[in-house]
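Working notes for the structure below.
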Amino acid sequence: MTFLSDKALQRLRALTEAPDLSGTRYRLLERVARGGMGVVYAAQDVKLARRVALKILDHPDHSGDLSGRLIREARVLARLEHPGIVPVHDVGTLTDERVFYTMKFVEGLSLDDYAKRMESLPDRLRLFLQICDAVAFAHARGVLHRDLKPANIMVGSFGEVLVMDWGLAKVLSDAGRDHAQNRNAIVSQAIDGEFSASDNREDVAHVATNHGTVMGTPGYMSPEQAGGNVEALDARSDIFSLGAILKFLAEAPVENSVTKSSWMNKPLAAISAKAMAAHREDRYQNVSDFSAEVSNYLDGRPIKAYRESFLERSGRFYRRHNIAILLIAVYLLVRAILILFFRR
Amino acid sequence: MNKILIGVLLGAVLGAVDGMTSWFTPAVRAQLVGIIIGSTVKGIIAGVAIGFFARKVNSLALGIVFGLAVGFVLAFLVAYLQHGYYFQIILPGSLVGLIVGYATQRYGVRAPAMSAAR
């Protein structure tokens, strides 16, 4: 009996799992990633001659639940037009009834890997502020991400930050619906008739937010989310996750570096701890407040989360104005020398 | 704070301090008030010029160089009119210009851009 090698088996498996994209405008290139709900492939949009990322369900979904979720994810993305949120291009079904949607193909690294290459804390914090911008925008449109973590944040080749994987996103309210009405109407037209089971947005949202269902990633998930209390979730749950990301960015070591192991200091730890408070009332109440605090830290201004001693305040003042202080000191020194040597 | 205002305030304060130090020179102590007033006015003139420059040119290096040059020229003029004390007047005067040049670029807020579509 002849056994197939692991490599051959892997190739065979990939071939059998590869979706049949005939009848669509896309040509399959390679598998990029596998998530809880489906697989992401790199594909070529033949009409527009561009590379796209194609997210598709693992298997045909006869109940319609997972299909509904995927469609809902695409709709959520469609209403979030922001430079920090990956844009969706198209939704559709394959001949085997599997639902898919396409989005921008982001060439870059996940924050997990990218952070290891960032050798300065200010760069990491500026990147964090870009993440906050995207999340604040989503919140303003009434959307919670609910699965913010470094693996779901991509940093492109030009340093652009994109928040990915909105599969667990929850639509909180009708906020922003009017704003995105036209765009959603187009998406609805594209998918109506194809997905009768997932036609109603509220039904879809209900499928994705059943009470008692724990969804998220340990370590980045707020206590209320971990407790399965889905109805109680609000923007402050995402703020908890952002606090965990801030902690990760401050603590993630630089690749191949032996000099600096962590940038975490008392003020930064206080900001992160406030964002990750067990009770959401104790956290920052919105992303703007949180990012303002990080921004203040970055600019050497006082922060609300940490009460500093006189020495710490003086040190921060000196760090912020060191050149001006040195220039004035030089001026006074020159004056003193002139008085001493030219007094007559 | 607006760049011209920073230039004027800092120029006035440093100019006044510059003038006050002449108290340590007994030979000119009798003209102390006049020196303080003159030095303050010189600081204000330097501050206005440096502030205007900072509003037009947004560059820390150029701001410092311009400040140094303005401080030097004004101090030289004062020393020339006094017929002496060149070193004692020009060196700190130039430094004041340099500090004002730095401060206007570092701490001054750019004036809001005018709308292109009127």
Hz values of 3J(HN,Hα) by residue in segment A:264-278 - Karplus curve (6.51, -1.76, 1.60), Gly and Pro given as x: 5, 10, 4, x, 5, 5, 5, 4, 4, 5, 5, 5, 9, 4, 4
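Ignoring ligands, DNA and RNA, what accessible area per residue does segment A:1-96 give at 1.4 Å, in Å²? Before the final figure, lay out the partial values.
Working: 5460 Å² over 96 residues.
Ligands and nucleic acids excluded, the result is 57 Å² per residue.
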Dimensionless Rg over Rh [chain B; C-alpha; Kirkwood]: 1.07
Filtered trypsin sites (Lys or Arg not before Pro), segment A:227-334: DSSP coil and at most 14 other beta carbons within 10 Å: A:LYS260, A:LYS304, A:ARG307
Pair A:ALA324, A:ASP96: separation of 7 Å Cα→Cβ label points (nm): 6.6
Per-residue mean of C-beta atoms belonging to partner chains within 10 Å, peptide B:9-18: 1
Nearest-0.05 FRET efficiency for B:ALA16 and A:VAL254, computed from C-beta distance (R0 41 Å): 0.25
Solvent-accessible area, 1.4 Å probe, carbon plus sulfur percent, for segment B:11-90: 78
R0 of 56 Å, Cβ-Cβ distance A:ALA269-B:ARG29: FRET efficiency to nearest 0.05: 0.50
Within segment A:259-344, GluC sites (Glu not before Pro) in DSSP loop having at most 15 other beta-carbon neighbours inside 10 Å: A:GLU308
GluC sites (Glu not before Pro) restricted to segment A:14-113 and DSSP loop, no more than 10 other C-beta within 10 Å: none
Long-range amide H partners of A:VAL32 with built H, under 5 Å: A:VAL40, A:TYR41, A:ALA42
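Averaged over B:89-100, how many beta carbons belonging to a partner chain fall within 10 Å of each residue's beta carbon?
Mean partner shielding for this stretch: 3.
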Over segment A:8-97, volume per residue of the alpha carbon convex hull, in Å³: 112
Average beta carbon contacts from partner chains per residue of A:293-300, 10 Å cutoff: 0
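The values are calculated or read from the model by the stated rules, or taken from the named source; none is laboratory data. Since the model is a prediction, treat every value here as computed from it, not as a measurement. Glycine also receives a Cβ, built like all others from the backbone with ideal geometry; neighbour counts cover every protein chain displayed. Calculation scope for accessible area: heavy atoms of the full protein, side chains included, ligands and nucleic acids excluded. Shrake-Rupley method; radii C 1.70, N 1.55, O 1.52, S 1.80 Å.
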